[in-house]
Amino acid sequence: MTTASLEAKFQEKVDQEVKIEPRDWMPDAYRKTLVRQISQHAHSEIIGMLPEGNWITRAPSLRRKLGLLAKVQDEAGHGLYLYSACETLGVEREDLFEQLNEGTAKYSSIFNYPTLTWADIGSIGWLVDGAAIMNQVPLCRCSYGPYARAMVRVCKEESFHQRQGFEILLTLSKGTDEQKAMLQESVNRWWWPSLMMFGPNDAESPNSAKSMKWKIKRFTNDDLRQKFVDVCYEQAKLLNVTLPDPDLKWNEERGHFDFGPIDWSEFWDVVKGNGPCNSQRLAARNKAHAEGEWVREAAIAFAEKNKQRNIAKAS
Ligand code: BYC
């Protein structure tokens, strides 16, 4: 079969919603796009543990501490499913770690912002996990089987995280004047970076068209961002907070909320490594990797010993 006919057959499968599995033929560019997106996604889950991990020792009660601990552990699990999904495409996990640790891999811009107050833990749950769910539920229908299946569990856990964050904020919204002020100040800082999570505007998104054709992405960056703004407006009312955008208003004709311009220069600056916490995040990641060396060595030695024992038993 020629490459053109293989490609036509592949696209036909995608169009008919038949999942692509690791051993199936796929275009090189499809494989590359998946490795790029899934590895960036895995890195985001792992780096995403850092801003929240900062608050485990300072959570205001045992109940809050347990909830936060469980959430941070869930993110580690998400990273592991995603690295595994990525490995099915023929890449080595160690290589992906290396790219992350040396700073050449991308991860979500949002995790380069600091968590300054307890309310930030609520805002991350409400806004960051909320944006993540909006973006990730459609990924459960991604054309690549292992990624789609990993996303089912990720999304279930992210929904719980979003509710947990909202409940933290709801509690603050019924608290003292200081707590209400802390809530508003936190939402002011997290709102715009959360909108940036969806990626550049469609006209500036070089990967979207191909990813939509291949059904890796089901909605464009702008479509998902709009859905998110529409949902948040009503939720903000329940929290009694103002979203920091004077242009946010209902547009009867469009059937959506209009919102103000996003500062894309800030976004690209953060993506290029110049956000408030980029260097801190990479330093923490490298330290954790170095300190985990003995665990990896022990696991390899254990696996090797078991292999030898099984060979001896079989012979
Ligand atoms: N930050 O052509 P585009 C989580 C890059 S984890 C940094 O639109 P695409 C969570 C993009 O990579 C959140 N870079 O790309 C974890 C591309 O660069 P390259 C992560 C970004 O792939 C713990 C360039 O800009 N979620 O939620 O079609 C705790 C042009 O963009 C960002 C995922 O990874 C960004 N925000 O669309 C709590 C979901 N946006 O690669 C929560 C899976 C764009 O060409 N990923 N860039 O050098 C996706 O859905 C898509 O990859 C994106 C971007 C929508 C993010």
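Looking at segment 190-261 from every direction and averaging, what is the projected area of its Cα convex hull in nm²?
Details: hull surface 22.4 nm².
Over all viewing directions, segment 190-261 projects a mean Cα-hull area of 5.6 nm².
Work through the residues other than Gly53 whose Cβ is under 13 Å from its Cβ and net out their charges, Lys, Arg +1 and Asp, Glu -1. Write down the numbers at each step before the final one.
Values: positive: Arg58, Lys65, Lys71, Arg281, Arg285, Lys287; negative: Glu45, Glu52, Asp74, Glu75, Asp120.
Every neighbour counted, the sum reads +1.
When a 1.4 Å probe is rolled over the protein heavy atoms, the share of accessible surface on segment 1-97 that falls to carbon and sulfur comes to 56 percent.
Dipole orientation for the chain: of the candidates Pro60, Tyr233, Leu172, Pro60 has the Cα lying most toward the positive pole (charges on Cβ; Lys, Arg +1; Asp, Glu -1).
Contour minus end-to-end for Lys313 and Asp258, with contour as 0.36 nm per residue of separation and end-to-end as the Cα-Cα distance? Numbers along the way, then the final one.
On the way: separation 55, 0.36 × 55 = 19.80 nm, distance 6.90 nm.
Residue separation times 0.36 nm, minus the Cα-Cα distance, leaves 12.9 nm.
Just the number, please: carbon plus sulfur as a percent of the accessible area of segment 204-261, 1.4 Å probe, no ligands or DNA/RNA counted. That share works out to 52 percent. Here the label points at Asn306 and Glu293, each 7 Å from Cα along the C-beta direction, are separated by 2.5 nm in the simple model. Within the shell of other residues whose beta carbon sits under 10 angstrom from the beta carbon of Ala209, the net charge comes to +2, with Lys and Arg scored +1 and Asp and Glu -1.
Along its first, second and third principal axes, ordered by size, the chain spans 73, 48, 32 Å in Cα coordinates.
Computed from Cα positions, the angle between helix 293-314 and the longest principal axis of the chain comes to roughly 30 degrees. When the P(r) of segment 133-242 is calculated, the portion above 21 Å amounts to 47% of the C-alpha pairs. Largest GNM mean-square fluctuation among Pro261, Pro22, Pro146, using the chain with Cα springs under 10 Å: Pro261.
The residues of the chain present an accessible area of 52 Å² per residue when probed at 1.4 Å with all protein chains retained. Over all directions, what mean area does the Cα convex hull of segment 186-227 project, stated in square nanometres? Reported value for the Cα convex hull: 3.2 nm².
The values are calculated or read from the model by the stated rules, or taken from the named source; none is laboratory data. None of these values were measured; they are calculated from a predicted model. Glycine gets a Cβ as well: all are built from the backbone with ideal geometry, and neighbour counts include every protein chain shown. For the accessible areas, the whole protein counts, side chains as well, though only heavy atoms, and no ligand, DNA or RNA atoms are used. Shrake-Rupley method; radii C 1.70, N 1.55, O 1.52, S 1.80 Å.
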